[in-house]
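Below is one structure; the comments refer to it alone.
The values are calculated or read from the model by the stated rules, or taken from the named source; none is laboratory data. Computed from a predicted structure; not experimentally measured. For neighbour counting, all protein chains shown are included, and Cβ atoms are generated from backbone atoms with ideal geometry for every residue, glycine included. We work out accessible area using only protein heavy atoms, side chains counted, and drop any ligands, DNA or RNA first. Shrake-Rupley method; radii C 1.70, N 1.55, O 1.52, S 1.80 Å.
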Amino acid sequence: HFGMFGDERYWTVGASPFVELALRPWERIDLYGQLGAALDVQIRTRDIQTQGLGIAPFGGVGMRFFLDEMFSLSVEGVVHVPLVNGLSLGEVIAPPMSVAVQGGVGLSFHFE
(Lines give C-alpha, C1' and ligand atoms only; values in the text may rest on other atoms or scores of the structure.)
Protein backbone atom coordinates (compact mmCIF):
# COMPACT_ATOMS: atom_id res chain seq x y z
CA HIS A 1 0.00 0.00 0.00
CA PHE A 2 0.98 3.61 -0.50
CA GLY A 3 -0.81 6.76 0.63
CA MET A 4 -0.85 10.12 2.40
CA PHE A 5 -2.76 10.96 5.57
CA GLY A 6 -3.11 13.40 8.42
CA ASP A 7 -2.53 17.12 8.91
CA GLU A 8 1.21 16.58 9.41
CA ARG A 9 1.71 15.39 5.83
CA TYR A 10 2.64 11.79 6.54
CA TRP A 11 3.15 9.25 3.79
CA THR A 12 3.00 5.55 4.38
CA VAL A 13 4.46 2.75 2.27
CA GLY A 14 3.95 -0.88 3.10
CA ALA A 15 3.19 -4.48 2.23
CA SER A 16 1.29 -7.32 3.90
CA PRO A 17 2.71 -10.75 3.05
CA PHE A 18 0.51 -13.63 4.19
CA VAL A 19 -0.24 -17.33 3.81
CA GLU A 20 -3.76 -18.51 3.14
CA LEU A 21 -5.60 -21.77 3.64
CA ALA A 22 -8.80 -22.09 1.62
CA LEU A 23 -11.57 -24.67 1.66
CA ARG A 24 -14.06 -24.95 -1.21
CA PRO A 25 -17.31 -26.46 0.14
CA TRP A 26 -19.20 -25.53 -3.04
CA GLU A 27 -18.05 -25.00 -6.63
CA ARG A 28 -18.08 -21.17 -6.55
CA ILE A 29 -17.44 -20.43 -2.86
CA ASP A 30 -14.18 -20.45 -0.86
CA LEU A 31 -13.91 -20.18 2.91
CA TYR A 32 -10.43 -19.00 3.87
CA GLY A 33 -8.13 -18.03 6.70
CA GLN A 34 -5.00 -15.88 6.49
CA LEU A 35 -1.96 -15.35 8.73
CA GLY A 36 0.64 -12.70 7.99
CA ALA A 37 2.32 -9.49 9.00
CA ALA A 38 1.58 -5.94 7.87
CA LEU A 39 4.79 -3.96 7.39
CA ASP A 40 4.87 -0.22 6.82
CA VAL A 41 7.06 2.85 7.06
CA GLN A 42 5.60 6.27 7.93
CA ILE A 43 7.48 9.24 6.46
CA ARG A 44 6.88 12.83 7.59
CA THR A 45 7.46 15.05 4.53
CA ARG A 46 8.02 18.30 6.41
CA ASP A 47 11.52 17.30 7.53
CA ILE A 48 11.83 13.89 5.87
CA GLN A 49 11.84 11.79 9.04
CA THR A 50 10.87 8.15 9.15
CA GLN A 51 9.21 6.58 12.15
CA GLY A 52 10.90 3.24 11.49
CA LEU A 53 9.37 0.01 10.28
CA GLY A 54 5.92 -0.78 11.68
CA ILE A 55 5.24 -4.49 12.17
CA ALA A 56 1.76 -5.85 12.89
CA PRO A 57 0.99 -9.59 12.78
CA PHE A 58 -2.54 -10.31 11.62
CA GLY A 59 -5.08 -13.08 11.22
CA GLY A 60 -8.20 -12.98 9.12
CA VAL A 61 -11.10 -15.05 7.85
CA GLY A 62 -13.38 -14.59 4.90
CA MET A 63 -15.65 -15.95 2.23
CA ARG A 64 -14.94 -15.59 -1.48
CA PHE A 65 -17.69 -15.83 -4.12
CA PHE A 66 -16.44 -16.59 -7.64
CA LEU A 67 -18.34 -14.53 -10.21
CA ASP A 68 -16.58 -16.44 -13.02
CA GLU A 69 -13.18 -18.14 -13.50
CA MET A 70 -11.13 -14.94 -13.14
CA PHE A 71 -13.15 -12.70 -10.78
CA SER A 72 -14.34 -13.07 -7.21
CA LEU A 73 -16.07 -10.94 -4.61
CA SER A 74 -14.99 -11.47 -0.99
CA VAL A 75 -16.16 -10.48 2.47
CA GLU A 76 -13.54 -10.68 5.22
CA GLY A 77 -12.53 -9.66 8.71
CA VAL A 78 -9.03 -9.23 10.11
CA VAL A 79 -7.35 -8.48 13.45
CA HIS A 80 -4.01 -6.61 13.51
CA VAL A 81 -1.77 -6.29 16.58
CA PRO A 82 0.94 -3.65 15.97
CA LEU A 83 4.14 -4.62 17.80
CA VAL A 84 6.66 -1.97 16.70
CA ASN A 85 6.11 1.72 15.76
CA GLY A 86 2.36 1.35 15.24
CA LEU A 87 0.48 0.69 12.01
CA SER A 88 -1.17 3.20 9.69
CA LEU A 89 -4.88 2.47 9.33
CA GLY A 90 -6.54 5.06 7.13
CA GLU A 91 -6.28 8.42 8.88
CA VAL A 92 -4.84 7.15 12.18
CA ILE A 93 -1.86 5.22 13.48
CA ALA A 94 -2.73 2.29 15.74
CA PRO A 95 -0.22 2.39 18.63
CA PRO A 96 2.01 -0.56 19.52
CA MET A 97 0.27 -3.38 21.44
CA SER A 98 -3.21 -2.17 20.45
CA VAL A 99 -5.77 -4.41 18.72
CA ALA A 100 -7.29 -3.21 15.45
CA VAL A 101 -10.33 -5.07 14.07
CA GLN A 102 -11.29 -4.37 10.46
CA GLY A 103 -13.71 -5.72 7.89
CA GLY A 104 -14.13 -5.22 4.20
CA VAL A 105 -15.30 -6.28 0.79
CA GLY A 106 -12.90 -7.00 -2.06
CA LEU A 107 -12.94 -7.61 -5.78
CA SER A 108 -10.13 -9.95 -6.85
CA PHE A 109 -8.64 -11.10 -10.14
CA HIS A 110 -7.33 -14.69 -10.34
CA PHE A 111 -4.73 -15.98 -12.80
CA GLU A 112 -3.57 -19.56 -13.29
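Residues in the stretch 95-112 that are modelled with pLDDT of 90 or more, exposed (fewer than 13 other Cβ atoms within 10 Å of the Cβ) and under 27 Å from LEU31 (Cβ atoms): VAL99, VAL101, GLY103, GLY104, VAL105, GLY106, LEU107, SER108, PHE109.
Taken over the stretch 14-30, residues that are in contact (Cβ under 8 Å) with a residue 12 or more places away in the chain, of a type in the set (A, V, I, L, M) and open to solvent by 60 Å² or more (accessible area, probe 1.4 Å) amount to 2.
One residue stands out among those in the stretch 31-48 that are open to solvent by 40 Å² or more (accessible area, probe 1.4 Å) and at pLDDT 95 or above: the one that is farthest from the chain's Cα centre (by Cα), which is LEU31.
Against the numbered list (1) of a type in the set (Val, Ile, Thr); (2) at pLDDT below 95; (3) over 18 Å from the mean Cα position of the chain (by Cα), ILE55 comes up short only at (3).
Yes or no: the stretch 80-94 includes at least one residue that is within 12 Å of the chain's Cα centre (by Cα), polar (S, T, N, Q) and modelled with pLDDT under 90. Yes, the stretch 80-94 has at least one match.
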